[in-house]
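To start, the structure itself, in structure tokens.
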Amino acid sequence: MSDKQYDVLVVGAGSAGQSVATAAARAGRSVAMTEGRAYGGTCPLRGCDPKLVLHAAAEAVHRVQRLSGKGFTAAPGFHWPDLMAWKRSFTEPMPEKARTAMREAGIDVYDDYASFVDDHTLSFGGVHLRGKTIVLATGMRPAPLDFPGHEHMLTSDEFLDLEELPDEMVVVGAGYIGTEVAHISHALGCRVTVVASGPVPLEKFDPDLTDLLRQADEDRGMTYHLNSRAVAVRPDDGRFVVTIEDAGGRRTEIRTDRVIHCAGRVPNTDRLNLEAAGINTDDQGRIKVNDQLQTNLAHVYAVGDCTNVGLPLTPVAGHAASVLSDHLFKVKDRPLELHPTPTVAFALPGMAAVGMTAAEAAASPRNIGVHYKVSTDWFHPRHRNAAVSAFKLFTDDDRGVVVGAHLLGPDASELINLLYVAIRQEIPIRELKRMVFAYPTAASMIPSMIDG
Ligand SMILES: NC(=O)c1ccc[n+]([C@@H]2O[C@H](COP(=O)([O-])OP(=O)(O)OC[C@H]3O[C@@H](n4cnc5c(N)ncnc54)[C@H](O)[C@@H]3O)[C@@H](O)[C@H]2O)c1
């Protein structure tokens with residue numbers, strides 16, 4: 001028996017949930033939404049925004065460090081608590097702002113975790129609410145770990161709230177989050193050891209570029225333990241000892257101030273009681289949806305990081321939410337357009353990729369050209385005395401277009417967007433080579449990136 005019925009129930013007030021809820025309200029639907037944590041979700045509170053505030057500071061210091069002896073005579077003074085206060089000026093207003101925006105849009109807002117009672121009914125905030133349509137946008141969180149002492153580690157969320165930057169830290173995991181935490185912390189003065197489960201950091205990026213990044217990191221004093229996993233953590237006189245194990249089973253102990261858990265994330269689906277509704281998930285617990293973001297139940301949709309569609313990235317969630325809103329509120333049906341999706345790891349320097357990967361190029365039956373160069377001595381990186389710069393482009397030589405781009409170096413995070421446009425719009429290579437870009441910018445390297 002439900003207390004009230006709505007046209008649309010939205011679970012999760014991150015960017016995807018807010019976007020669909022607002023579109024529903026604008027379309028005249030009655031809407032209730034609920035959020036178990038603070039309104040706003042990962043990107044503005046525990047992800048992109050606070051990370052970028054820290055990264056901007058780290059990048060500034062890093063650039064000065066690279067120019068030491070080339071005009072700079074001293075490292076800039078740096079005070080972590082001031083940076084945290086600056087970060088909080090972004091994060092702290094967000095929950096109230098987001099919650100108020102939802103209420104002003106006419107949405108009934110709740111602050112609780114929702115769980116299914118039956119396929120049309122959710123329980124939250126002490127009530128049972130029935131939705132004609134239900135949208136799940138619950139996001140992800142740091143994966144629970146099971147090795148002894150894992151509770152002594154700080155999650156990446158907690159790293160973003162540290163009151164003091166430790167002198168030393170061990171970063172467990174070298175995906176996007178581990179790499180970003182490691183680079184930010186190292187640039188700002190922390191001695192960093194990275195425990196990477198694979199042969200390179202950032203395994204989802206191009207292996208040649210990730211190896212170059214690792215070499216540059218080691219040259220400036222970061223320590224990597226590759227093909228290794230953290231298997232235990234124990235407190236030790238105000239510090240911590242991490243036990244790591246390599247692929248051959250050899251164990252090493254590392255003593256450090258803080259241990260940061262960057263060992264993966266899981267979808268927030270376990271509290272939803274999906275079984276009560278009979279909603280299917282994949283083997284990683286992500287909600288299975290079709291290309292209209294519909295689950296196996298016709299009236300239940302899911303969007304964003306909690307689904308099995310697209311990379312767990314903010315712009316992907318934003319695009320999916322907009323496609324779903326148009327579909328649900330009958331503006332128009334349009335396809336998800338997620339290929340290619342540009343992606344950036346905010347390392348120092350940045351790593352970015354879009355389109356065909358090396359593995360896909362090797363397996364492709366097409367005539368694929370590979371244009372790989374270490375470009376550290378090209379003008380743009382050299383002006384900045386970058387430690388490393390490199391690119392790898394894949395071209396479809398029958399069609400004369402770029403199909404994949406992989407970048408490491410200063411301004412990679414911006415340059416990748418131009419290459420995304422080139423790939424998505426299938427701009428002929430002969431056109432790209434004729435374009436006159438502003439000089440000396442990162443973009444001005446594009447015509448020279450493709451041989452021939
Ligand atoms: N800049 C960005 O766009 C950005 C930033 C952060 C996160 N994200 C998104 O969030 C997702 C999650 O990122 P992530 O970095 O948390 O996860 P990830 O899965 O990319 O990396 C986690 C790594 O930790 C390793 N690992 C697991 N247990 C370990 C252990 N005991 N010891 C050592 N290593 C261990 C895993 O093998 C994996 O390589 C990414 O796929 C990305 O899409 C994107």
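The values are calculated or read from the model by the stated rules, or taken from the named source; none is laboratory data. If you're wondering where the values come from, they're calculated on a predicted model, not measured in any experiment. Glycine also receives a Cβ, built like all others from the backbone with ideal geometry; neighbour counts cover every protein chain displayed. Accessible surface is based on the protein model in full, side chains and every heavy atom, while ligands, DNA and RNA are left aside. Shrake-Rupley method; radii C 1.70, N 1.55, O 1.52, S 1.80 Å.
Numbers at a glance
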| read-out | value |
| --- | --- |
| Cut-off under 5 Å, modelled amide H: who pairs with Gly304 long-range | none |
| The chain: angle of helix 314-328 to the longest principal axis, Cα-based, in degrees nearest 10 | 30 degrees |
| Volume in Å³ per residue [convex hull over Cα atoms, computed for region 157-216] | 78 Å³ |
| Degrees, to the nearest 10: 176-187 long Cα axis against longest axis of the chain | 50 degrees |
| Whole-Hz ³J(HN,Hα) from phi, Karplus 6.51 cos²θ - 1.76 cosθ + 1.60, for region 427-434, glycine and proline x | 5, x, 4, 4, 6, 4, 6, 8 |
| Accessible-area order (highest first, 1.4 angstrom probe) of the listed residues Ser115, Ser325 | Ser115, Ser325 |
| Ser389 accessible area, 1.4 Å probe, all protein chains in place, Å² to nearest 10 | 10 Å² |
| Residues of region 349-451: accessible area per residue with a 1.4 Å probe, Å² | 46 Å² |
| Region 349-451 - percent of accessible surface contributed by carbon and sulfur, probe 1.4 Å | 53 percent |
| Amide H within-cut-off set for Val10, under 5 Å, with H built and near neighbours excluded | Ala32, Met33, Thr34, Val135 |
| Derived scalar couplings ³J(HN,Hα) [region 101-111; Karplus, 6.51 cos²θ - 1.76 cosθ + 1.60; whole Hz; x for Gly, Pro] | 4, 5, 5, 5, 7, x, 8, 7, 9, 10, 10 |
| Cross-link table Lys70/Lys204; Lys87/Lys392; Lys51/Lys204; Lys204/Lys332; Lys132/Lys288, entries beyond 24 Å C-alpha to C-alpha | Lys70/Lys204; Lys87/Lys392; Lys204/Lys332 |
| Cα-based helix-to-principal-axis angle, 207-219 vs the chain, degrees rounded to 10 | 60 degrees |
| Kirkwood Rh, Cα atoms: Rg over Rh of the chain | 0.99 |
| Spin-label zone in region 298-334 - amide nitrogen under 12 Å from a point set 7 Å from the Cα of Lys97 along the C-beta vector | none |
| Protein-only accessible surface order, largest first, of Val231, Val242 at 1.4 Å | Val231, Val242 |
| Under-5 Å amide H pairs with Val117, H placed in peptide plane, nonlocal only | Leu122, Ser123 |
| For region 349-451: span of alpha carbons on each principal axis (Å, largest first) | 40, 28, 20 |
